[in-house]
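Taking it in order: structure first as structure tokens, then the write-up.
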Amino acid sequence: MLSHKSTSMLLSLIGAVLASERKHLAAAHAAYVYHSSQTVRPKPLIVTTRPRQASSCFPADPNNTIADRLNAALSAQGATGLSIQLCPDTTYPITSPIKFAFPNQEITTQGFPGLDLSHRANVVVSGSTANDGTGHTMAFDGSCNTCMSVALRYVQIDGNRGSGPLQGGANIEFV
């Protein structure tokens, strides 16, 4: 049986997915227009629901500042709707959680590799740990009050710390 928090998180995730699908369907429907002959002709379908960065992906180097650079981008003024594309086949070691800050933000692997796990960006939880069993456990935090409709897509997370159980948050926390 799921806890109240887990159920709430699951329902929030389902709601975000449904909202995203509604946006895509609305954009696809709007792509068809009536011309003077009253025949329906499809326009090229280009669906973008969020402002996108340039075609280049977010660099992993220098890898000792990845979390700081991602958090700076997510919390920058005007970052509502920001989509950050991580590079495929690239490892991103992070030393602190990546924190979504505004509505409709997204982190994804460039090219949307789908079910092909071998080409997804790999985020590795690698922050410090303490002898008392505490330490860095969370990779992505989407639990802020303004984090409506945030998304994490096509990204692998390596949260295996290898040092035994640690107290802390889950690898992904969206509320």
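Only one of the listed residues (ASN131, ASN63) is out of contact with any Ser or Thr (no Cβ under 6 Å at 6 or more places or on another chain) and free of Cβ contacts under 8 Å to residues at least 24 places away in the same chain. That residue is ASN131. Candidates are the residues of the stretch 132-162 that are out of contact with any Gly (no Cβ under 8 Å at 6 or more places or on another chain) and of a type in the set (S, T, N, Q); the one that is modelled with the lowest pLDDT is ASN160. Scanning the stretch 103-126 for residues that are surrounded by 19 or more Cβ atoms within 10 Å (Cβ to Cβ) and under 12 Å from the mean Cα position of the chain (by Cα) gives ASN104, GLN105, GLU106, ILE107, THR108, THR109, GLN110, ALA121, VAL123. Just a yes or no: is a residue in the stretch 94-101 more than 16 Å from GLU173 (Cβ to Cβ), in contact with a helix residue (DSSP H, G or I) (Cβ under 7 Å, 6 or more places away or on another chain) and touching a residue at least 24 places away in the same chain (Cβ under 8 Å)? Yes, the stretch 94-101 has at least one match.
The sole residue among THR129, THR48 that is out of contact with any Lys or Arg (no Cβ under 6 Å at 6 or more places or on another chain), at pLDDT below 95 and either surrounded by fewer than 16 Cβ atoms within 10 Å (Cβ to Cβ) or not assigned by TED's automatic domain parsing to the domain that holds VAL155 (or both) is THR48. For the stretch 128-147, the set of residues classified as outside any loop (DSSP other than H, G, I, E, B) and of a type in the set (Asp, Glu) consists of ASP141 only.
The values are calculated or read from the model by the stated rules, or taken from the named source; none is laboratory data. Here the structure is a predicted model, which is why all the values come from computation and not from measurement. Don't worry about glycine lacking a Cβ; one is built from the backbone with ideal geometry, like all the others, and counts go over all protein chains shown.
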